[in-house]
1. Considering only region 160-182, state which residues are loosely packed, with under 13 Cβ neighbours inside 10 Å and part of a helix (DSSP H, G or I).
2. Looking only at region 41-63, count how many residues are touching a helix residue (DSSP H, G or I) at 6+ places or on another chain (Cβ under 9 Å), in a helix (DSSP H, G or I) and not polar (S, T, N, Q).
3. Which of the residues spanning region 183-202 are of a type in the set (A, V, I, L, M, F, W, C), farther than 22 Å from LEU128 by Cβ and surrounded by fewer than 19 Cβ atoms within 10 Å (Cβ to Cβ)?
4. Identify all residues within region 21-56 that are surrounded by 15 or more Cβ atoms within 10 Å (Cβ to Cβ) and of a type in the set (A, V, I, L, M); write none if there are none.
5. Restricting region 271-309 to residues that are over 22 Å from LYS5 (Cβ atoms), in contact (Cβ under 8 Å) with a residue 12 or more places away in the chain and not β-branched (Val, Ile, Thr), which is surrounded by the most Cβ atoms within 10 Å (Cβ to Cβ)?
6. For region 139-155, state whether one or more residues are closer than 22 Å to ALA35 by Cβ, at pLDDT below 90 and not hydroxyl-bearing (Ser, Thr, Tyr).
7. Would you mind telling me which numbered condition in (1) surrounded by fewer than 22 Cβ atoms within 10 Å (Cβ to Cβ); (2) hydroxyl-bearing (Ser, Thr, Tyr); (3) at pLDDT 90 or above THR95 fails?
Amino acid sequence: MANLKDIKNRIKSVESTKKITRAMKMVAAAKVKKAESTVKASRPFTAELNSMFKKLLNSVGSYSATTLKIKSAVDNYPELLQARELKSAGMLVITSNKGLAGAYNANVVRKTLKKIQEYNEKGIHVVLFIIGQKGISALKRKVEYFDCEIAKTYLDVANNPSGTSCSLVVEDLAEYFVNKKIDKIEVITTRFKNMMSYFVEEWEILPLQKSEEKQEKSHDNIVDPVMEFEPDMHQVLQKVVPMYITNIIYQSILEAQASELASRMTAMSAATTNAEKMINTLSIEFNKSRQAAITQEIVEVVSGANQVN
């Protein structure tokens, strides 16, 4: 039988762990409701912006950067619209800064490594832009075995996604693309489904693609009229393109944040349940050991009394 003191110490240790996991579950449950509301509220705007942007591109004829005032790479929208031969691919990987979220970060890292391997098999170099400490730590150890490099890392964006923080990420991505260090950029993120599930997705960002359909019909089969631009289409696109890319990244981070919290809530709930089961098992073992010790003492007392008699 195990030592009673050791079993008692193990029970106390598991009880302490249970308190932590239960508290983390409650915190995640409170945060995930807000994150879910934010994601669901932002999806209609993202969908409408995507639809409007496709119509805008289809209404534009030729475009050139010669007449534009370009202060940063993201302002050079003609270059962002330019498709090139794929020699180097950029991947924005979105993970979390904190662990204890089940398989959330592992799933994203696994998907990233699979995509890197697929690109390498085609002779394509991969450049990573990583959001979140967990992704940074995991991928730094593993990318050395691939034709891959980590260009930029971001920590604050994972905790506090905002238009400003996402704009910094967009500028870095656009700079690498415009300078032809990469020929394509996609996002590896997670799509939030509900409190119990999410799935890993790939979102293509650059180069920006025109819709194949030149005109779209409404529900009444009326062709959309040609758009009019004020002051001109180039200045409008120069403002809309950064907004469009920033919104994609912002939406992907919101989806990832909600998925992370949902995964953490589920993981901590399972951990709390397992801790309760372990405490019950250890309590039974403790009682059996104590009963055996008492029985042994009684036997020794009785045997001693018999010897005296």
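1. GLY163, THR164, listed by residue number.
2. Matching residues across region 41-63 total 7.
3. Once the filter is applied, which keeps residues that are of a type in the set (A, V, I, L, M, F, W, C), farther than 22 Å from LEU128 by Cβ and surrounded by fewer than 19 Cβ atoms within 10 Å (Cβ to Cβ), region 183-202 yields MET195, MET196.
4. Of everything in region 21-56, those that are surrounded by 15 or more Cβ atoms within 10 Å (Cβ to Cβ) and of a type in the set (A, V, I, L, M) turn out to be MET24, ALA28, ALA29, VAL32, ALA35, VAL39, LEU49, LEU56.
5. Result: ALA271.
6. Yes, the conditions are met somewhere in region 139-155.
7. Result: THR95 passes all but (1).
Okay, residues lined up against (1) under 30 Å from ASN274 (Cα atoms); (2) in contact (Cβ under 8 Å) with a residue 24 or more places away in the chain; (3) touching a Lys or Arg at 6+ places or on another chain (Cβ under 9 Å); (4) of a type in the set (Phe, Trp, Tyr):
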position: LYS69; (1), (2), (3), (4): no, no, no, no
position: ASP75; (1), (2), (3), (4): no, yes, yes, no
position: GLY99; (1), (2), (3), (4): yes, yes, yes, no
position: VAL127; (1), (2), (3), (4): no, yes, yes, no
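The values are calculated or read from the model by the stated rules, or taken from the named source; none is laboratory data. As the structure is a computational prediction, the values presented were derived from the model and not from experiment. In this analysis, Cβ positions are derived from the backbone assuming ideal geometry, glycine residues included, and neighbour counts consider all displayed protein chains.
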